[in-house]
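Following: one structure in structure tokens, then a few remarks.
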Amino acid sequence: MPELPEVETIVGGLKGFLIGQKISSIKFLDRKRFVGDEKKIIGQKILDIKRRAKLIIIKLENNQNIVIHLKMTGQLIFKDKTHRIAGGHQSRELFIEVPNIHTRIIFDLSGGGKLFYNDLIRYGTIRVLKDDEVDKMTKGEFGPEPFSDEFNKEYLSMIAQKNKSSNIKKILMDQALIAGVGNIYANEALYLAGIDPSRKSASLSEGEISSLYNAILQSLKLGVKQQGASIRNYVNHEGKKGTMQNYFKVYDKAGQKCDCGGLVKKIQLNGRGTYYCPACQS
Ligand SMILES: [Zn+2]
């Protein structure tokens, strides 16, 4: 599933093409992927497109929003006469002519372009929500954004202490505690901070919390800079692979050499593949 850097990249890519356009009409090839009343968005101008956690939020002039969650296999493709911007799951349907077998929803835009929503396994959703409903939903479901003032060392220390029975990796990936960090960036941040992913979160010292805080921001910033990681299923807004995977220290590197000379180990933790260096992260 795309995490903060991957979603940020798609949003950045679509921005220049969507803002200022009106939604002229909408066509459903799978009505179930759409929740809400389409009449509320037709004829409305797009004011902004932004990311919150792993969501893509298209803000309209009438205080309504199109809230897109790509989940495992969602794709967004914008196409007009001269441009094609495509991001999300990297199956071939992202690159071939649209609409295709995986196209579920098509938005017609006033500038003549179209925005296609593809979804292979149909886990993703598009919801129509008012501004206050978006606020309510995001406040309920998501913790602070890692790059916001709300997320700081004190906050990280507080949630680590409060959730005593959890291991630290679980805390990092809990969307209700920190928004946008998934398996890739949790693994990488814990490596950078030299912390064993299975450590009980309450056992972390102040110094370790401080290193981990810096490591989370460092790994996410690198991810954004590299336009996300293209591993298994994600490509950026230009349909190209992001390059974060070239900078992985441990993620997806089981049995490979760590910088220290030791071997990266893979275990299952909280039901997810977890990569770490036993020598560097004790
Ligand atoms: Zn190591």
Any residue in the stretch 80-91 that's closer than 18 Å to K54 by Cβ: show its pairings with residues that are polar (S, T, N, Q) at Cβ separation under 6 Å, as long as the two are six or more apart or on different chains. G87/N236; G88/Q75; H89/T73; H89/Q75; H89/N233; Q90/N233
Quick check on the stretch 203-222. Is at least one of its residues within 16 Å of the ligand (Cβ to nearest atom) and open to solvent by 30 Å² or more (accessible area, probe 1.4 Å)? yes
Which one is nearest to S198 (Cα to Cα) among residues in the stretch 262-275 that are open to solvent by less than 50 Å² (accessible area, probe 1.4 Å) and within 22 Å of the chain's Cα centre (by Cα)? L269
Tell me which residues, restricted to the stretch 27-57, are surrounded by fewer than 18 Cβ atoms within 10 Å (Cβ to Cβ) and β-branched (V, I, T). V35, I42
Does K139 satisfy the criteria of being at pLDDT below 95 and under 20 Å from the mean Cα position of the chain (by Cα)? yes
Checking the condition touching a Ser or Thr at 6+ places or on another chain (Cβ under 7 Å) and among the charged types (D, E, K, R), which residue from R84, R52, R92, R104 passes? R52
From the list K114, K164, which one is assigned by TED's automatic domain parsing to the domain that holds L217, touching a strand residue (DSSP E or B) at 6+ places or on another chain (Cβ under 8 Å), of a type in the set (D, E, K, R) and without any contact (Cβ under 8 Å) to a residue 60 or more places away in the chain? K164
What's the number of the condition L190 fails, among (1) more than 24 Å from T73 (Cα to Cα); (2) open to solvent by 20 Å² or more (accessible area, probe 1.4 Å)? (2)
Hey, among the residues in the stretch 236-251 that are out of contact with any strand residue (DSSP E or B) (no Cβ under 8 Å at 6 or more places or on another chain) and part of a helix (DSSP H, G or I), which one's modelled with the lowest pLDDT? N246
Look through the stretch 68-102, keep the residues that are surrounded by fewer than 22 Cβ atoms within 10 Å (Cβ to Cβ) and assigned to a strand (DSSP E or B), and return whichever of them is modelled with the highest pLDDT. H69
When you go through (1) at pLDDT 95 or above; (2) away from the ligand (no atom under 13 Å from the Cβ); (3) open to solvent by less than 30 Å² (accessible area, probe 1.4 Å) one by one for Q226, which number turns out not to apply? (1)
Residues D196, D259: which one is within 13 Å of the ligand (Cβ to nearest atom), open to solvent by 50 Å² or more (accessible area, probe 1.4 Å) and not β-branched (V, I, T)? D259
Any residue at all in the stretch 1-17 that's within 22 Å of V181 (Cβ to Cβ), touching a residue at least 60 places away in the same chain (Cβ under 8 Å), assigned to a strand (DSSP E or B) and in the same structural domain as D132 (by TED's automatic domain parsing)? no
Among the listed residues L120, L177, L204, identify the single one that is outside the structural domain of G271 (by TED's automatic domain parsing) and among the aliphatic types (A, V, I, L, M). L120
Could you list, in sequence order, all residues of the stretch 13-26 that are open to solvent by less than 50 Å² (accessible area, probe 1.4 Å) and under 29 Å from G242 (Cα atoms)? G13, L14, L18, G20, Q21
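The values are calculated or read from the model by the stated rules, or taken from the named source; none is laboratory data. As the structure is a computational prediction, the values presented were derived from the model and not from experiment. When we count neighbours, we look across all protein chains shown, and the Cβ atoms used for this are built from the backbone with ideal geometry, even at glycine. Calculation scope for accessible area: heavy atoms of the full protein, side chains included, ligands and nucleic acids excluded. Shrake-Rupley method; radii C 1.70, N 1.55, O 1.52, S 1.80 Å.
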